[in-house]
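**Q** This is the structure, below, for whatever I ask next.
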Amino acid sequence: MTSSASGTTGTAGTASSSLSSASGASSGTSSSPSAKSASSPSGKSSSKAGSAAGIPAACDNAKLNASLAPAIAGQKASVQVIAVKNTGADCELQYLPYVWITAGPGGGPEQTRPLIPSGLGGGPLIIKSGATQYAAIDLNPGNASNAVDGYTYLSVTANPTPDTSGKDVQDLKLPAPAKVAKAKLGLYLDKPADAISSAESADTPEQ
């Protein structure tokens, strides 16, 4: 796990402004990342939605370990599942990570961002101590013939907030160089299979 891939230093700082769209705006664009005004995403277990009282503090990225989960049966080659394990106390997690798709330290194609689901919001997402949440990304959902080759890393901020910075980026090396076209990122969910289904509905550019 490295601090940042080439061209991604400060990515998580960008996350605090760009992912501000992710919580509370049905269009997927710009509001506070702590907002909870939109409807709750489908597939969330009720145990994660709490009242305003007694909600744990925001997760500390230093205590969230990101990795690529092993592929499950039927998983497309273009799909990767990001596993985020909470090594600290119970805490509040954003609905999805902030992800740059990059060529890594060797240089290559320009870094790019995936589409995300629209209509995020609802009750807070609480990740228990020791628990893992999964977010899937499909790098080439349409198997496009003009997909750009040479991407090797996912630069991940597990819990993007206004306080995150370049130190909060975890670089996950892809198993092999990947082709990317209109990538789609889904919500955090309890199971890899559900996370993969969530990525299929991503349709909104994050600004």
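The values are calculated or read from the model by the stated rules, or taken from the named source; none is laboratory data. Keep in mind it's a predicted model, so treat the numbers as computed, not measured. Cβ: placed from backbone, ideal geometry, glycine included. Neighbour counts: every protein chain shown. Each accessible area value is taken on the protein alone, full model and side chains, heavy atoms only, with ligands, DNA and RNA left out. Shrake-Rupley method; radii C 1.70, N 1.55, O 1.52, S 1.80 Å.
**Q** Confirm whether residue 149 is within 24 Å of residue 88 (Cβ to Cβ) and either modelled with pLDDT of 95 or more or out of contact with any strand residue (DSSP E or B) (no Cβ under 8 Å at 6 or more places or on another chain) (or both).
**A** Details: within 24 Å of residue 88 (Cβ to Cβ): no; either modelled with pLDDT of 95 or more or out of contact with any strand residue (DSSP E or B) (no Cβ under 8 Å at 6 or more places or on another chain) (or both): yes.
When the stated conditions are applied, residue 149 does not pass them.
**Q** Which is aromatic (Phe, Trp, Tyr), more than 18 Å from residue 201 (Cα to Cα) and open to solvent by 30 Å² or more (accessible area, probe 1.4 Å), of 153, 134?
**A** Residue meeting the stated conditions: 153.
**Q** Which residue is most open to solvent (accessible area, probe 1.4 Å), if the candidates are limited to the stretch 164-207 and must be hydrophobic (A, V, I, L, M, F, W, C), assigned to a strand (DSSP E or B) and within 18 Å of residue 147 (Cα to Cα)?
**A** Residue satisfying both the conditions and the ranking: 176.
**Q** In addition: Across the stretch 61-80, what is the total count of residues that are touching an Asp or Glu at 6+ places or on another chain (Cβ under 9 Å) and assigned to a loop (DSSP other than H, G, I, E, B)?
**A** The total comes to 2.
**Q** Name the single residue, out of those in the stretch 101-124 being closer than 22 Å to residue 64 by Cα and at pLDDT below 95, that is surrounded by the most Cβ atoms within 10 Å (Cβ to Cβ).
**A** 120
**Q** Can I ask one more? Taking the condition of being out of contact with any helix residue (DSSP H, G or I) (no Cβ under 9 Å at 6 or more places or on another chain) and either without any contact (Cβ under 8 Å) to a residue 24 or more places away in the chain or aromatic (Phe, Trp, Tyr) (or both), how many residues in the stretch 123-151 meet it?
**A** Residues meeting the conditions: 2.
**Q** Related question: Quick check on my filter: what residues within the stretch 85-122 are at positive phi and either touching a residue at least 60 places away in the same chain (Cβ under 8 Å) or among the charged types (D, E, K, R) (or both)?
**A** 104, 107, 119, 121, 122
**Q** With the checklist (1) surrounded by 22 or more Cβ atoms within 10 Å (Cβ to Cβ); (2) in contact (Cβ under 8 Å) with a residue 60 or more places away in the chain in hand, flag the one item residue 75 doesn't pass.
**A** Every condition holds for residue 75 apart from (1).
**Q** Restricting attention to the stretch 157-176, does a residue exist that is at pLDDT below 95 and in contact with a Cys (Cβ under 9 Å, 6 or more places away or on another chain)?
**A** yes
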